[in-house]
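**Student:** Here it is, the structure in full.
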Amino acid sequence: MVICWDDPVNLMDYVTHVFQKVFGWPKGKAEYHMRQVHETGKSVLIRESLEKAEHYVHQLQRYSLHATMERDH
Amino acid sequence: MVSLLRRYPVMIAAHYRARHPARTPEAKKNQELLEDALAEQQNENRRNLELLLKEPGRFTEHDLGFVFKLSYPEVEWLFQVLNDIRVGSWIQLGEPDPDKAPPAQATEENVQLAWALEMAGLFEHVLLEAINAPAE
């Protein structure tokens, strides 16, 4: 699964925009995950195969968001 | 804007490794591959940035300053460049949290980093407003 972690530097609108762009989500879903990151410290963005998860983490890191992969238990 | 963009790249690809270290050899290898890919991306972005800043007609003078012309895909690419500068500057400042810690000491270097952090955020905000504005 792909996790995005909170930090106090990324603009909230910017994070929403990146989620929309990387995952193709509608604005409401992107805002929901952005708020979850902001309020709880992290959000599980997607559960995917290792290959796809790597792709998404790379995309998020290109935008300098703090994203990691973890095995889903 | 040009002074700000000339600072790119600022972000260190391996920075987050210490905070979330890989737990298995496989995960460690994946992390290293991602960091290599990010470093390569930064090199390519820097080359493209140099070409873009030299391109005639990108900046046109107006009454109040300059107009910087960009296509939509270029705006998307510029977000990545600007946020590299913003987040990289913040990391070099010691990752200050305005709610928890006092600001970094006002050395000349820190003032430059704080300037870059704020200006990159300002331009991100302007670009987000521009692409979300209704078409005329």
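The values are calculated or read from the model by the stated rules, or taken from the named source; none is laboratory data. Keep in mind that what you see is a predicted model, and the values were worked out from it rather than measured. Using ideal geometry, Cβ is built from the backbone for each residue, glycine included, and neighbour counts are taken over all protein chains shown. Just the protein is used for accessible areas: all its heavy atoms, side chains included, with ligands, DNA and RNA removed. Shrake-Rupley method; radii C 1.70, N 1.55, O 1.52, S 1.80 Å.
**Student:** First compute the accessible area of the stretch B:2-132 with a 1.4 Å probe, then give the percent of it belonging to carbon and sulfur atoms.
**Tutor:** That fraction is 54 percent.
**Student:** Compute the signed sum of charges (Lys and Arg +1, Asp and Glu -1) over the other residues within less than 14 Å, Cβ to Cβ, of B:Glu55.
**Tutor:** It works out to a net charge of +2.
**Student:** In whole percent, what relative contact order does chain B give with Cα contacts below 8 Å and a gap of six or more residues?
**Tutor:** Across chain B, relative contact order equals 29 percent.
**Student:** In a GNM of chain B with a 10 Å cut-off on Cα contacts, which of B:Arg58, B:Arg23, B:Arg47 has the highest mean-square fluctuation?
**Tutor:** B:Arg23
**Student:** Would you mind getting the accessible area per residue of chain A, heavy atoms of the protein chains only, 1.4 Å probe, in Å²?
**Tutor:** Working: 3710 Å² over 73 residues.
Accessible area per residue, chain A: 51 Å².
**Student:** Connecting C-alpha atoms closer than 10 Å in a GNM of chain B, tell me which of B:Glu55, B:Glu95, B:Glu35 has the biggest fluctuation.
**Tutor:** Greatest mean-square fluctuation among the candidates belongs to B:Glu55.
**Student:** Taking every residue in A:53-65, how many Cβ atoms of other protein chains lie within 10 Å of its Cβ, on average?
**Tutor:** What the average comes to for A:53-65 is 5.
**Student:** Give me, ordered by chain and number, the residues 5 or more places off B:Met11 or on other chains with an amide H under 5 Å from its own placed amide H.
**Tutor:** B:Gly88
**Student:** So how do A:58-68, B:83-93 stack up, highest first, on mean other-Cβ count within 10 Å?
**Tutor:** Values: A:58-68: 21.4, B:83-93: 23.1.
Answer by packing, highest mean first, reads B:83-93, A:58-68.
**Student:** Roughly how big is the A-B contact, given as buried accessible area in Å² (both sides, 1.4 Å probe, nearest 100)?
**Tutor:** Protein heavy atoms only, the A-B interface buries about 2400 Å².
**Student:** Run down the lysines and flag those whose C-alpha is under 24 Å from the C-alpha of A:Lys29, throwing out any fewer than 8 positions away in its chain.
**Tutor:** A:Lys21, A:Lys42, A:Lys52
**Student:** Would you please give the residues with an amide H less than 5 Å from that of A:Lys42, counting only those at least 5 places away or on a separate chain, with H modeled from the backbone geometry?
**Tutor:** Counting only residues 5 or more places away or on other chains, the set is A:Asp6.
**Student:** Rounded to the nearest whole Å², what accessible area per residue is found for the stretch B:2-132 with the 1.4 Å probe?
**Tutor:** Averaged over the residues of the stretch B:2-132, the accessible area is 62 Å².
**Student:** Once neighbouring chains are kept in place and the probe is 1.4 Å, which whole percent of the accessible area of chain A is contributed by carbon and sulfur?
**Tutor:** Result for chain A: 46 percent of the exposed heavy-atom area is carbon or sulfur.
**Student:** Over all residues in A:36-46, what is the mean tally of Cβ atoms on other chains that come within 10 Å of each residue's Cβ? Mind dumping the intermediate values first?
**Tutor:** Details: counts 0, 0, 0, 0, 0, 0, 0, 0, 0, 0, 0.
Averaged over the peptide's residues, the number is 0.
**Student:** At 222 nm, what helix-only mean residue ellipticity would the protein assembly as shown give, in deg cm²/dmol to the nearest 500, using -39500 (n - 2.57) for each DSSP H run of four or more? Each step should come with its number before you reach the end.
**Tutor:** Working: 7 runs with 119 residues, N = 209.
-19000 deg cm²/dmol, from helical runs alone.
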